[in-house]
Every structure is written in structure tokens, then in C-alpha cells.
Amino acid sequence: MYKLLIRPLLFLFPPETVHHWVVSGLHTAFRIPGVKKLIRKIYFIENPALETELFGLKFPNKVGIAAGFDKQANIYNHLAAFGFGHIEIGTVNPLPQPGNPKPRLFRLKKDQALINRMGFNNPGVDIFVRNLKKIRPEAIIGGNIGKNTLTPNESAIDDYLVCFEKLFDWVDYFVINVSCPNIEGLSKLQDKDELISIIEKISQSNIAKPKRKPVLLKIAPDLNESQLDDVLFVVDQTGIDGIIATNTTTTRDNLKTGSDEVEKIGKGGLSGKPLCIKSTETIRYLVKKSGGKIPIIGVGGIMTPEDAIEKLEAGASLVQVYTGFIYNGPSLPKKINKLWLKYSN
């Protein structure tokens, strides 16, 4: 029904407009008595065999939704009802920012892909905290933290620390986002020395808490093997808890969409089906080089349950979806979990 009726209607309208409609629609629908319970009954699978313990946290299943969908921490429980075991909110910045000029989100329907240059549009960390205080999360919550666009790289650590400190009591784990291609100069923070400095300062704050929380690093899919080796060196040096592989890509290789249309869209991070193989290869390389000692959350191009299983087979402990959720509908997490139960038995 989703692919035949709902998606064609939604795809008649600009993607960012549709996203706002979906968020508003979820808020309206979940105010109706019994709707949340019904959605959960349809989509959420409760089975001990799906539970995964990672970073000292018990995830109810293998599937989460990647950062970028819940950009204000105001629909995390709605998403949990659709079967997601963890929800990554953000990216969160210290101060509100509007993001890049519109239009900034584009569909490549022939490729089952999106290009976005949203630019960390979010209401600022204080609003995230207010929302998390108001409604108790019903899933594992990850806080994806970044710097404000206008903050120079030499001061970036201050932004990461502000978000870390303010969100600490309200999320279960953190993700350091230095790999988004839509913030000018941000990727420079992926350099080995820059990364070590940022992670070490966050670690100092973390260990000063009564109980530390897991901190992960989100990396780009466009790193070569030498750069991935640097990532592994950083992980070894800092003791960071894990890696999220991967963010969106800046490449435009082997697309079915015409080059003129792609060029007209311009800059932005590409997500969806074209990213699937590259993301899985990154996971496989990191697992092989580290001897499987580093926990990895696999994300990038998961459009089908089989794509998710492939990432888990490659060595990921958990997976996240985003673009696949948009193209293939709300049943995707349920289908992944059902296939994992069949695969793992």
C-alpha cells in the first residue's frame, strides 16, 4: 500500500515539505487514544532473540533510525512505536541555526536516493533538553552532536562540549559528527590530530561524571584505506567506544539519474541505494583491520532487509536506516527484524 499509493502521492511534493507534514501528522495521530498502541502492535516485534547488548546498553533490537530524521527530539517515541530500537536525535548544536538556503533536499527517484545539504538546521541544544525532559524516551536515544556553522574549527571543541554537557543526563550515548559534508570545513576535523584532541577533551568530561556514557565517532564513506587506518589509530589512542559507518557521500558515481539533473541539484551528501556497497565495504575493512574488536553501527543505503543483514554479516553490531525508511515505508524495521530472527536461528 505504501509503495503503490502513499509514496506516489507524497513524492508529488518537495521532500522537505513532506518531512514537515509527516512530523505534524505523527503528532496529530498520536494524540488520538489508541493510535500509538495500534501502531506498536502492527510494527514492533518484541522478542528476546532480537536484544543486543552493546556499550553496556541493552538495545531491544538491531534497527535504529539515523540522525537527521528527528531534528528536534520531538518524535522519538513516535518512531519507537514503528519498531525502532534506538533513535539518534540531531545533529544538535549549541545555538539554533536555520541551516542552508532552500531548496536543500532532493530526490533521485531512479536511484532510490536523496541528496541533502540541510546544514545542521536545528533549534539548539536547550530545546532538545526541554523536549527530552518533558517526555520520557521509550527507546535508546543517541545524541548526535556537532558544531555551529559559524564556529571556527579552532573553537569547535567548545561546541561539542556544550552539547555533551547539556545532553548528558538525557541521552544514552553520544555521536561525534565530524563527517557531514554540508558544513563548510567540518571534514577537516576528521584529520587524525584534530580528532584526537576533540575526543580526548570529551573523554575528560565523560570520566569526570559519576558514570560515563558511550561515545561514538561517525565517519564519512569517502575515506581511503590510509584514512580508515588513521580512524583505527584514533580509536586505539582515545579508547572511544565505537564507530558509526557511514555518513552520506559527496561522490556521484554510477547514478541512473542524468548528469545534467545531478549537476543542477549541486552540492550535498548523497544517501540511499548508491551508498550501500561503499558503506558495507567500509564496515568490512574496519572489522578486518581491527580484528572485530571495535563495535560498529552500520548505516548507509539500507533499502531492504537483505541490505541490513549484509551489514550485520560484514561485522556491524547494529544498523540504522533513513532513506530506506522514506522509499520503502514504515514496515522496513519490522521486516529487518523478522529476517534477522530467521537468519540468526
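Read-outs: derived from the displayed coordinates by stated rules, not from any lab. Keep in mind it's a predicted model, so treat the numbers as computed, not measured. Note: ideal-geometry Cβ built from the backbone for every residue, glycine included; neighbour counts use all protein chains shown.
Would you mind calculating the gained length between residue 277 and residue 42 on full extension (0.36 nm times residue separation, minus the Cα-Cα distance), in nm to one decimal?
Here the segment from residue 277 to residue 42 would lengthen by 81.5 nm.
Label point 7 Å out from residue 169 along Cα-to-Cβ: which residues of the stretch 137-152 have amide N under 18 Å? The answer is 137, 141, 143, whose backbone nitrogens lie closer than 18 Å to the label point. Among 343, 160, a tally of other beta-carbon atoms within 10 Å of each Cβ gives an order, fewest to most, of 343, 160. Cα centroid separation, the stretch 1-65 to the stretch 227-294: 25 Å. A simple spin-label model places the labels of residue 293 and residue 102 4.9 nm from each other, with each point 7 Å out along Cα-to-Cβ. Note on residue 278: aspartates and glutamates with a C-alpha under 20 Å away, same-chain residues under 8 apart excluded, are 111, 222, 225, 229, 230, 253, 306, 307, 310, 313. Note on residue 213: lysines with a C-alpha under 17 Å away, same-chain residues under 8 apart excluded, are 58, 166, 201. By other beta-carbon atoms within 10 Å, ranking 54, 217, 4 with the fewest at the front produces 4, 54, 217. In the chain, the DSSP-assigned H stretches of four residues or longer account for a calculated mean residue ellipticity at 222 nm of -12000 deg cm²/dmol, using -39500 (n - 2.57) per stretch and the full residue count as denominator.
Among 24, 205, 271, the order by Cβ neighbours within 10 angstrom, fewest to most, reads 24, 205, 271.
In straight-distance terms, cross-link reach from residue 102 covers every one of the aspartates and glutamates whose alpha-carbon lies under 14 Å from its own, apart from those fewer than eight places away in the same chain; here that gives 16.
For the stretch 2-344, DSSP calls about 30 percent of its internal beta bridges antiparallel.
Across the stretch 1-83, the mean sequence separation of Cα contacts (distance under 8 Å, 6 or more residues apart), normalised by length, yields a relative contact order of 31 percent.
In this simple spin-label model, placing a label point 7 Å from the Cα along the Cα-to-Cβ direction at both residue 20 and residue 341 gives a separation of 3.9 nm.
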